[in-house]
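The values are calculated or read from the model by the stated rules, or taken from the named source; none is laboratory data. On a predicted model such as this, the values are computed, not experimentally measured, just so you know. No Cβ is skipped: glycine too gets one built from the backbone with ideal geometry, and neighbour counts run over all protein chains shown. Note: areas computed on protein heavy atoms with side chains; ligands, DNA, RNA excluded. Shrake-Rupley method; radii C 1.70, N 1.55, O 1.52, S 1.80 Å.
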Amino acid sequence: MMKSLRLLYTSDTHGYLYPTDYAGGAEKAMGLFNLAAAFDRDEHTLLLDGGDTIQGSPFTNFTHRLPLRPHPIAQAMNQIGYDYVTLGNHDFNYGIAHLEAYLCDLRAVCLCANIYDRRRRLPIRPWAVHTLPNGLRVGLTGVCTHYVTRWERPETLAELHIEPPLPAARRALEAMRGQADVTVCLYHGGFERDLQTGALLTQSAENQAWQLCQELGFDVVLTGHQHMAVPCARIGKSVAVQPAYRAVHYAQVDVQLGEQGLRAEARLCPPAPLPAAGPAALLAPLQARVEAWLDTPKGHLDRPLPAEAHLKMASEGSLLANLINLIQQEASGAQISATSMGNEIKGMNQEVTIRDVVASYIYSNTLVVLEMTGEQLRRYVERTAAYFALDECGRLAVSDAFLRPKVEHYNYDYFWGMDYAIDVRRPVGSRVVSMRLDGRDIDDAQRLTVCVNNYRASGTGGYDVIREARVLREIQQDVSELIIAYIESHPHITVPTHRPLTLLH
């Protein structure tokens, strides 16, 4: 007899519950509540989430400051009716206590086979077998990219045991063997190979979905982390899928098991035009408080800082990056500051509100002050210089290495405190033709203080050279909070217009 299973899967929703990106007033086709209104499910359906759920939006930025119990995101997911979730790397950003509040208030079971807290406060299981009313036994496990160890704050990592995902997923699969008819892996990680050709795209172990599918052979692999829309990929014996981020769609996987074996089909589904009424009403008062907080005026700029095309900002300079770097430099006392822009940027109006700040700098980053040699700094800038390419007509473009398999504009850094020149006509690795500090060339042996955010300090994004530098101190305050505090204490700001970069092409 044929037995069926439907999996509904979200991932990387980052706290976007309502149909708004908080940049302006217009509603958009997004939001977990709108996805919930579109879910087509029955008693043979499991609702799953792949992590990066409680951090990343102005809503979560506001609510984690209070804090509230029950946890607002847990309330939302309980109201929608999630069955199982796993953890994403950003779910640790607000610390163990905040994550504990979310998981303890959540009715769904959290599966994460490769991470647990050493004091066992977090209700996490490595795997589970769920039996549907039709008798179908579904074995589920979850794993998260182990690059959490490179990104998270030391005080958080001290409380965690983290291992690579593949061995943990393999153990869970072995434990479920003979107990499950269908096996499902929720993997908060993405694909390291081109899904059409199989060509290796990165040597990093941050994303290992292809290897996980090929070596372990789960029936269904539900991926995330890359924010890359993958409707359906067949790798080895596995069917894999990945939604993009901010709840712009969800994945639906339909599985049938009969005498002819198992068949699975996956697709991505859009949100409904209107949010699910019950969940939306539940948190409506809190959402109103968030919107009021976002519109709080904080200061005045001498000019607006509009968001422009990434290539234009990277090549011609960004006034927004200038301001952020200036604030980082003042907070750290470093000679040189570096910052990056997100894949999506709001920009700032002349009359600056909290909305401008938290929508332009969405990450929960702190600052690290490093001591670097001139030679190390040059290699740092060389990695950033690889962002540029010349197309077949000799026109400036963004390198494919920053666009595939994942769009990574946030891995381009803007520098402040020095003047530097990049020649894109030269080979990658030898493009930095000048670096000057206080009007003098920076010598390879010269020692400099450089301020970066904690994500960049981990060396992620091809910046391994930064891990060679000596850490002088850490500033344990979110960059967004530093920006707000600076604007509050400087109510009339003249934005620096100097362009440190000269780009030759």
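Below are the figures for this structure:
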{"item": "Within the stretch 438-451, considering residues that are outside any loop (DSSP other than H, G, I, E, B) and over 15 Å from residue 373 (Cβ atoms), the one least open to solvent (accessible area, probe 1.4 Å)", "result": "451"}
{"item": "Of all residues making up the stretch 59-106, the number that are open to solvent by less than 20 Å² (accessible area, probe 1.4 Å), more than 18 Å from residue 153 (Cα to Cα) and among the small types (Gly, Ala, Ser)", "result": "3"}
{"item": "Residue, nearest to the chain's Cα centre (by Cα), within the stretch 463-487, restricted to residues that are among the small types (Gly, Ala, Ser) and crowded, with 18+ Cβ neighbours inside 10 Å", "result": "480"}
{"item": "Close pairs (6 angstrom Cβ cut-off, 6 or more residues apart or separate chains): among the basic types (Lys, Arg) in the stretch 154-171, in a helix (DSSP H, G or I) and open to solvent by less than 40 Å² (accessible area, probe 1.4 Å) anywhere", "result": "170/216"}
{"item": "Among (1) farther than 30 Å from residue 504 by Cα; (2) modelled with pLDDT of 95 or more; (3) open to solvent by 40 Å² or more (accessible area, probe 1.4 Å), the one test that residue 240 misses", "result": "(3)"}
{"item": "Any hit, the stretch 420-432, residues being in contact (Cβ under 8 Å) with a residue 60 or more places away in the chain, in contact with a Gly (Cβ under 6 Å, 6 or more places away or on another chain) and open to solvent by less than 20 Å² (accessible area, probe 1.4 Å)", "result": "no"}
{"item": "Segments classed as strands (runs of 3 or more DSSP E), wholly inside the stretch 256-365, with at least 3 members that are open to solvent by 10 Å² or more (accessible area, probe 1.4 Å)", "result": "261-269, 297-301"}
{"item": "Those strands (runs of 3 or more DSSP E) lying entirely in the stretch 144-228 with at least 1 residues open to solvent by less than 50 Å² (accessible area, probe 1.4 Å) and on the phi > 0 side of the Ramachandran plot", "result": "none"}
{"item": "From 502, 460, residue being in a strand (DSSP E or B) and more than 22 Å from residue 330 (Cα to Cα)", "result": "502"}
{"item": "Selected residue (criterion: farthest from residue 30 (Cα to Cα)) from residues of the stretch 246-255 that are buried (at least 17 other Cβ atoms within 10 Å of the Cβ) and touching a Leu at 6+ places or on another chain (Cβ under 9 Å)", "result": "255"}
